[in-house]
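What follows is a short report on a single structure.
Here, each number is a calculation from the coordinates, and none is a lab measurement. Because the structure is predicted, anything quoted here is derived from the model rather than measured. Cβ placement follows ideal geometry from the backbone for every residue including glycine, while neighbour counts extend to all protein chains displayed.
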Amino acid sequence: MRCLVVSDSHGDRDILVNLLTAYQGQVDAFFHCGDSELSRDDAVFDQMNVVRGNMDFDPQFVNALQAQVAGETVYMTHGHLVGVNLGLTHLLASAKAAGAQLAFFGHTHQLGVERHDGILVLNPGSISYPRGEFTRIGGTYAIVTTSTDALDVQYYDRQMQAVPELKFHFAR
């Protein structure tokens, strides 16, 4: 399975259109972890799983979702409602309750990936307003690739170039 994960685009619709165009047919699913600041009925979300962020005010957005992609269960939420600024405990509990192998979230604008109790927990960072150690990159998204024996994550910049130091491999 191969999926693209993006978050916190904050009104930058063009970058989402660019990602959809560039990766159409190359990934099995697109995920947006919230704070798009677009309406839920925007055409970009016809092809993208999306959740409500703290800056999304359209009531049609859901707070969390779980999706099946090529045999993998994904749990996604923005993060503000599960307290990701204080830790991953509540996010992990929600992902476990959903039976997920992958948990995606945004909100902090800081990229990161870890594995806890068999669950890959990933924040793609903000594509438009990054914070933290990798702010200099100018915005990131991630491609997650799974196989029977591995989980691989590669982060990319806004120019769709792989960031060499942000490649991660987790054995299953």
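Condition first: surrounded by 13 or more Cβ atoms within 10 Å (Cβ to Cβ) and outside any loop (DSSP other than H, G, I, E, B). Now tell me which residues in the range 78-96 satisfy that. Give the derivation first.
Of the range 78-96, the ones surrounded by 13 or more Cβ atoms within 10 Å (Cβ to Cβ) are 78-84, 88, 90-92, 94-96.
H80, L81, V82, H90, L91, L92, S94, A95, K96 - these are the residues of the range 78-96 that are surrounded by 13 or more Cβ atoms within 10 Å (Cβ to Cβ) and outside any loop (DSSP other than H, G, I, E, B).
Scanning the range 138-172 for residues that are closer than 18 Å to V6 by Cβ and not in a strand (DSSP E or B) returns G138, G139, R158, Q159, M160, Q161.
When F30, F134 are checked against the criterion of being in contact (Cβ under 8 Å) with a residue 24 or more places away in the chain, part of a helix (DSSP H, G or I) and under 19 Å from D152 (Cβ atoms), a single residue qualifies: F134.
Which residue out of E72, E133 is of a type in the set (D, E) and closer than 23 Å to H10 by Cα? Quick ask: steps written out before the conclusion?
Working: E72 fails: closer than 23 Å to H10 by Cα.
Selected residue: E133, the only one of E72, E133 that is of a type in the set (D, E) and closer than 23 Å to H10 by Cα.
If you filter the range 97-117 down to residues that are in contact with a strand residue (DSSP E or B) (Cβ under 7 Å, 6 or more places away or on another chain) and assigned to a strand (DSSP E or B), you find that the one that is surrounded by the most Cβ atoms within 10 Å (Cβ to Cβ) is F104. Among residues of the range 5-19 being under 16 Å from P124 (Cα atoms) and not acidic (D, E), the one that is surrounded by the most Cβ atoms within 10 Å (Cβ to Cβ) is S7.
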